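A.B. asks: I'd like to ask you about the structure that follows.
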Amino acid sequence: MLKELYEYRELLLTNTKKAIRGKYKASFLGILWSFINPLLQILVYAIVFPYLMRNTVDNYLVYLVTGIIPWTFFTTVILDCVSCIKNNAGLIKKVYFPRIILPLSCTLSALFNFFVSCIIIVVFCLVWGVGISWLIVFVPLIALIQMLLSFGLGLIMSACDAYVQDLEYITNFIIQMAMYGTPIIYSLDQFAESSSILFTLIKLNPLTTIMDSYRRVFLYHTLPDFAALGAVALFAVILLFIGILVFKKLEKGFAEQF
């Protein structure tokens, strides 16, 4: 598979560039929407949660932005991957190329947009007095682990969607539910005194560790919990391996499904 990807590296690069440029190609503001979309989300949550729900998290606005931006990265990968096979059905039926290029280019495009959007986090940290430390050098490492996790899940969902095309509609609902199972707009400390199964499930969520790692380096200026992050990295690699196996198994029948 790696050999094929190397042989078709020009196609991968072209497809990734197309995904980056094409997403906002027809819009007036273009790539600026990479900034505007998360900012609008932050605005909504910043109004609702501190005032209507009396959120007590310190530096809540920065806390919020360090959750929304990585979450947008995750959801972009999943939503783009789940429909990428169906969206390229015509190409799949005409010519041969490694089909894995399609979800991979979606993932790399989302990774690029994430790093661009990190400018928003830096600006918020500076404007709201949190500051920036040398610990942001760990951001690419955390992003790589998140990318592997997202890509593994995206491979499984993109392959399955070719056979069960209702999956992309179900995915939107699942992602909405998953957001509330991840401490993005609230703090896990709010459930610390509870011994409920809800607290356990949220803590076991690998994205909880990912969000905590981003906040440690951006907001709290402390080292990530490398033990927890290493466990998530191991899980991400296993999930990626499973995703590749599922994708390779199902890709043989892609052309017949459209």
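A.B. asks: Run through the stretch 147-213 and list the chymotrypsin sites (Phe, Trp or Tyr not before Pro) located in a DSSP loop whose Cβ has at most 14 other Cβ atoms within 10 Å. Show your work: numbers first, answer last.
C.D. replies: Details: sites: 151, 163, 169, 173, 180, 186, 191, 199; in loops: 163, 186.
Qualifying residues, ordered by number: 163.
A.B. asks: Follow-up question, since we're still on this one. Take the solvent-accessible surface of the protein heavy atoms, probe 1.4 Å, and return the percent of it on the stretch 104-160 that carbon and sulfur atoms account for.
C.D. replies: With neighbouring chains kept in place, the figure for the stretch 104-160 is 86 percent.
A.B. asks: Along Cα→Cβ, 7 Å out, is where each label goes; now give me the distance between the ones at residue 136 and residue 164 in nm to one decimal.
C.D. replies: 4.2 nm
A.B. asks: Expected output is a single nm value to one decimal: the length gained when fully extending between residue 220 and residue 11, i.e. 0.36 nm times separation in residues minus the C-alpha distance. What is it?
C.D. replies: 71.1 nm
A.B. asks: Most mobile of 119, 156, 68 per a Gaussian network model of the chain (Cα springs, under 10 Å)?
C.D. replies: Between 119, 156, 68, it is 119 that shows the largest mean-square fluctuation.
A.B. asks: I would also like to ask the following. Helix by helix through the chain, keep the DSSP H runs that span 15 Å or more along the axis on Cα and average at least 0.0 on Kyte-Doolittle, and give those back in order.
C.D. replies: 33-47, 60-87, 101-127, 139-161, 167-180, 226-250
A.B. asks: Specify the inter-centroid distance of the stretch 196-258 and the stretch 106-142, based on alpha-carbon positions, in whole Å.
C.D. replies: 19 Å
A.B. asks: Follow-up. Residue farthest toward the positive end of the dipole of the chain, with Cβ of Lys/Arg at +1 and Asp/Glu at -1: which of 188, 153, 222?
C.D. replies: My answer, from the dipole projection, is 153.
A.B. asks: With every protein chain present, what is the per residue accessible area of the chain (1.4 Å probe, Å²)?
C.D. replies: So the chain comes to 52 Å² accessible per residue, rounded to a whole number.
A.B. asks: What's the longest bit of the chain with no exposed trypsin sites (Lys or Arg not before Pro), using DSSP loop states and at most 12 other Cβ atoms within 10 Å as the test?
C.D. replies: Values: sites that count: 25, 54.
Counting at most 12 other Cβ atoms within 10 Å as exposed, the longest clean stretch of the chain is 55-258.
A.B. asks: Project the alpha carbons of the chain onto their principal axes and report the range along each, largest first, in whole Å.
C.D. replies: Dimensions of the chain along the principal axes of its Cα atoms: 56, 45, 34 Å.
The values are calculated or read from the model by the stated rules, or taken from the named source; none is laboratory data. Remember, it's a predicted structure, so these values are computed and weren't measured experimentally. Positions of Cβ are generated from backbone atoms using ideal geometry, with glycine treated the same way; all protein chains shown enter the neighbour counts. Each accessible area value is taken on the protein alone, full model and side chains, heavy atoms only, with ligands, DNA and RNA left out. Shrake-Rupley method; radii C 1.70, N 1.55, O 1.52, S 1.80 Å.
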